[in-house]
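Laboratory data are not the source of any read-out in this text; all were calculated from the coordinates shown. What you see is a predicted model, and the numbers here were worked out from it, not measured in a lab. As a convention, Cβ positions derive from the backbone with ideal geometry for all residues, glycine included, and neighbour counts pool all protein chains shown.
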Amino acid sequence: MPKPFLRRASATFTLATLLAWPAVQAATTQMTMVVISLAGDARYAARRVERGYPGHPQGRALQGVQLALEEAAVELDTAGIALTVRDVVLPDMAALPKALADLKAAKVQHLVADLPLAELRQLVQAAPAALGGAVVFNTGLDDDSLRAQNCAAHLLHTLPSASMRADTLAQYLAARNWRKVLLLQGPEPADVLMGEAFNRAAKRYGLKITQTKPFKLSGDPRERDLTNTRLLTGEREHEVVAVMDANGEFARTVPYATQWPRPVVGASGLVAQAWHPQWERNGGPQLTRRFQKLAQRPMQSHDWAAWAAGKAVAAVLVDDPKAGVPQQLKKLRAGAVVIDGFKGPRLSFRAWDGQLRQPMFVSHVDGVVGLAPLEGVLHPREVLDTLGVDEQESACKQRP
């Protein structure tokens with residue numbers, strides 16, 4: 001980290017300058033933010049990472065936070081703050097109380113949660129009391145319940161919600177006038193939630209669900225009607241096929257395998273993402289290259305979300321180094337502190353559910369074809385709030 005530079009009119013340091021040098025160094029405040037994850041997390045199982053399903057994490061959150069703090073080092077140093085990141089991997093959730101006690105001793109108050117749903121909720125409930133105040137960033141889960149009935153005043157979200165992803169696709173389909181949608185619905189709970197978000201978005205933007213057909217991954221010949229893509233897509237009325245498959249294994253088989261020539265969206269084909277390594281505007285290539293150099297993999301949506309959490313912590317500390325956690329949360333959720341997400345506009349958190357409002361990419365494996373909000377979509381206050389749950393719709397009652 002660069003050291004403070006002292007310059008005087010004379011080329012030589014005076015005795016007073018030399019005596020003051022230790023005091024200048026001592027003024028730096030040492031702070032730590034933590035990435036907390038779980039050993040054996042199924043989201044990072046080798047087979048899932050190797051398959052690289054669209055929208056799935058391809059690596060842990062640590063590298064994204066590391067890059068953010070490297071980029072913010074000059075501003076932090078100017079503010080007299082030395083901010084570092086610590087990686088805490090829990091062997092199981094029984095280890096959480098001791099881990100939080102250790103973090104309290106280290107005066108940690110900013111946590112990036114790279115955890116499954118149940119474990120994240122456990123951390124969110126325990127962290128404020130255990131740490132004496134905390135800001136928790138969700139960078140890995142799009143579950144809408146975390147922004148609604150299970151929200152918390154100290155929980156912020158940098159990964160887009162399922163509703164934001166659905167609204168992105170619905171806006172794009174409406175703009176292309178592809179309004180008749182065949183919905184292929186998976187059986188898993190996460191598939192059902194994905195389908196609910198898409199149905200909500202379809203009503204919002206005037207799409208017509210022509211049919212909803214269940215699919216199932218099965219080798220049983222008696223269930224071929226649920227597994228055969230051509231049979232599932234045999235009716236001709238639809239203009240586009242939307243696949244609700246959170247796991248991604250079935251969805252990967254659908255593009256170019258439908259009975260009729262139809263575009264595929266949802267979990268494969270055209271997908272809605274927070275980041276794409278082929279984004280070519282707003283400094284995107286530079287951010288992608290820096291992350292590639294650090295992590296040795298392309299930057300994906302979950303990496304961008306972890307990076308955005310690090311940028312948010314740095315921004316709120318630089319804004320007021322003496323502010324406590326309650327003041328920081330109020331500033332972040334009131335939009336008083338913003339970040340540059342390399343997507344165009346400055347990004348801020350929503351007051352009502354702690355979600356980071358942001359443009360979304362409509363993309364396929366090779367590139368970006370659209371950016372939401374789409375041109376012509378309007379909102380009375382903030383057009384980015386056309387993506388996801390708006391204030392009057394929100395079920396979240398927790399605010400700082």
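May I ask for the net charge around K208, where only other residues with Cβ less than 11 Å from the Cβ of K208 are counted and Lys, Arg are +1 while Asp, Glu are -1?
Once positives and negatives cancel, what remains is +1.
Quick one: P(r) of the range 227-306 from all Cα-Cα pairs, 5 Å bins, percents rounded to integers, in order of increasing distance.
3, 14, 20, 17, 12, 12, 12, 7, 4, 1
Once the piece of chain linking E70 and A46 is laid out straight, how much longer is it, given 0.36 nm per residue of separation minus the C-alpha distance between them?
5.8 nm
Under the 0.36 nm per residue contour assumption, what length would be gained going from the current alpha-carbon distance of K104 and D92 to full extension?
So the chain would gain 2.4 nm between K104 and D92.
For P116, what charge total do you get from the other residues with a beta carbon under 11 Å from its beta carbon, if Lys and Arg give +1 and Asp and Glu give -1?
Its environment carries a net charge of -2.
Largest first and to the nearest Å, give the Cα extent of the range 307-400 along each principal axis.
Its Cα atoms span 43, 30, 21 Å along the three principal axes.
Summing Lys, Arg as +1 and Asp, Glu as -1, what charge do residues with Cβ under 13 Å from the Cβ of E391 carry, E391 excluded?
Residues near E391 contribute +2 overall.
From the Cα trace of the range 101-222, what convex hull volume per residue do you get, rounded to a whole Å³?
Spelled out: Cα convex hull of the range 101-222, divided by residues, is 134 Å³.
Please state the Cα pair-distance histogram of the range 163-271 with 10 angstrom bins from zero: what percent is in each bin?
All Cα pairs, binned at 10 Å, distribute as 16, 53, 28, 3, 0 percent.
For the range 261-351, count the residues as N, evaluate 2.2 N^0.38 Å, and divide the Cα radius of gyration by that value, please.
Rg over 2.2 N^0.38 Å, computed on Cα atoms: 1.31.
Given N residues in the chain, what is its alpha carbon radius of gyration divided by 2.2 N^0.38 Å? Can you show the working numbers first?
Numbers: Rg = 23.1 Å, N = 400, 2.2 N^0.38 = 21.4 Å.
The value comes to 1.08.
For the range 181-255 and the range 136-180, what is the centre-to-centre distance using only Cα atoms, to the nearest Å?
Distance between centres, Cα-based: 19 Å.
Based on alpha-carbon centroids, what's the gap between the range 275-348 and the range 35-85 in Å, whole number please?
The two parts, judged by their Cα centres, are 12 Å apart.
How are the Cα pair distances of the range 55-148 distributed, in percent, across 10 Å bins from 0?
Spelled out bin by bin, the range 55-148 gives 13, 44, 34, 9 percent.
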